[in-house]
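Presented below is the structure to which this report refers.
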């Protein structure tokens, strides 16, 4: 009775075709399905960490720290090449920064893509989390979707929703502040952020992160009709997991569909056997 990998992250788009072009050019994703209205992108042969593009409504771009489903993440083997590809595809990438992460360090960049979706782009290397796309192709630049990131108004309540309700495990939970993070996120010098990285039992991609900020003026954009709107989780027992999430604050929208923290829709599907 627990959440597994994120099978899909659903992005509401201004223009599905233009968004598909961006994601294939910037990240080398394959178009797995396209019916002329919506498109499914991912890595051929990898069943999780996919992106579904659907039509959305116009809305201003958010700031990184505004409340709502805010970021998606993808591993890169070469961040300089990745940021160049993002900019050439029409996105806007930030500085590549190395910063302390637990007992080690992490090199990462943040970029803004179409539809107001922010991207977190960690450098793949020794010790990175499982990525079937990278592990089976040593020449591949990017993995499948690595993570989906939520910026809630109440960090602890969101953490309880996914751990006590969803059965995910906290791999990292820490406060971050100072010049490396100011440069990475664009947050004011006096601000700080808290990051909780959550994984399923097998740490299969994609995974869930919760990020919150102090010292910033954040707008509540949890109902923004553009950008990341839904994640589709695999679950060993979808009905029981949906019930547990409802008990921990999820709003039932359908039998296996709930609205969770910061307006994120959570759809459950049975894990592949």
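State all residues of segment 158-191 that are part of a strand (DSSP E or B), without any contact (Cβ under 8 Å) to a residue 40 or more places away in the chain and either surrounded by fewer than 13 Cβ atoms within 10 Å (Cβ to Cβ) or under 20 Å from the mean Cα position of the chain (by Cα) (or both); if no residue qualifies, say none.
Taking segment 158-191 first, the residues part of a strand (DSSP E or B) are 169-177.
With the extra rule that they be without any contact (Cβ under 8 Å) to a residue 40 or more places away in the chain, the set shrinks to 169-171, 173, 175, 177.
169, 170, 171, 173, 175, listed by residue number.
Residue 198 meets each of the listed conditions (1) surrounded by 17 or more Cβ atoms within 10 Å (Cβ to Cβ); (2) over 24 Å from residue 55 (Cβ atoms); (3) over 18 Å from the mean Cα position of the chain (by Cα) apart from (3).
State whether the residues of segment 29-48 include one that is within 15 Å of residue 227 (Cβ to Cβ) and touching a residue at least 24 places away in the same chain (Cβ under 8 Å). No: segment 29-48 contains no residue that is within 15 Å of residue 227 (Cβ to Cβ) and touching a residue at least 24 places away in the same chain (Cβ under 8 Å). Please tell me if residue 93 is closer than 19 Å to residue 205 by Cβ, at pLDDT 95 or above and either touching a helix residue (DSSP H, G or I) at 6+ places or on another chain (Cβ under 9 Å) or buried (at least 16 other Cβ atoms within 10 Å of the Cβ) (or both). No, not satisfied. Looking across segment 100-109, the residues that are over 9 Å from residue 184 (Cα atoms) and not in a loop (DSSP other than H, G, I, E, B) come down to 100, 101, 104, 105, 106, 107.
Highlighted here are the strands (runs of 3 or more DSSP E) found entirely within segment 4-71 that include at least 1 residues which are within 16 Å of the chain's Cα centre (by Cα): 39-42, 50-55.
Given the criterion farther than 24 Å from residue 115 by Cα and out of contact with any helix residue (DSSP H, G or I) (no Cβ under 7 Å at 6 or more places or on another chain), identify the matching residue among 243, 235.
Details: 235 fails: out of contact with any helix residue (DSSP H, G or I) (no Cβ under 7 Å at 6 or more places or on another chain).
Residue meeting the stated conditions: 243.
Of all residues in segment 60-83, those being more than 17 Å from residue 128 (Cβ to Cβ) and touching a strand residue (DSSP E or B) at 6+ places or on another chain (Cβ under 8 Å) number 11.
Kindly indicate whether any position in segment 209-225 is closer than 27 Å to residue 14 by Cβ, touching a helix residue (DSSP H, G or I) at 6+ places or on another chain (Cβ under 6 Å) and in a loop (DSSP other than H, G, I, E, B). There is at least one residue in segment 209-225 that is closer than 27 Å to residue 14 by Cβ, touching a helix residue (DSSP H, G or I) at 6+ places or on another chain (Cβ under 6 Å) and in a loop (DSSP other than H, G, I, E, B).
This table checks each residue for (1) touching a residue at least 60 places away in the same chain (Cβ under 8 Å); (2) surrounded by 15 or more Cβ atoms within 10 Å (Cβ to Cβ); (3) in a loop (DSSP other than H, G, I, E, B).
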| position | (1), (2), (3) |
| --- | --- |
| 111 | no, yes, no |
| 115 | yes, yes, no |
| 125 | no, no, yes |
| 134 | no, yes, no |
| 139 | no, no, yes |
| 144 | yes, yes, no |
| 156 | no, no, no |
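The values are calculated or read from the model by the stated rules, or taken from the named source; none is laboratory data. Here the structure is a predicted model, which means the values were calculated and not measured. Note that we place each Cβ from the backbone using ideal geometry, even for glycine, and neighbour counts take in every protein chain shown.
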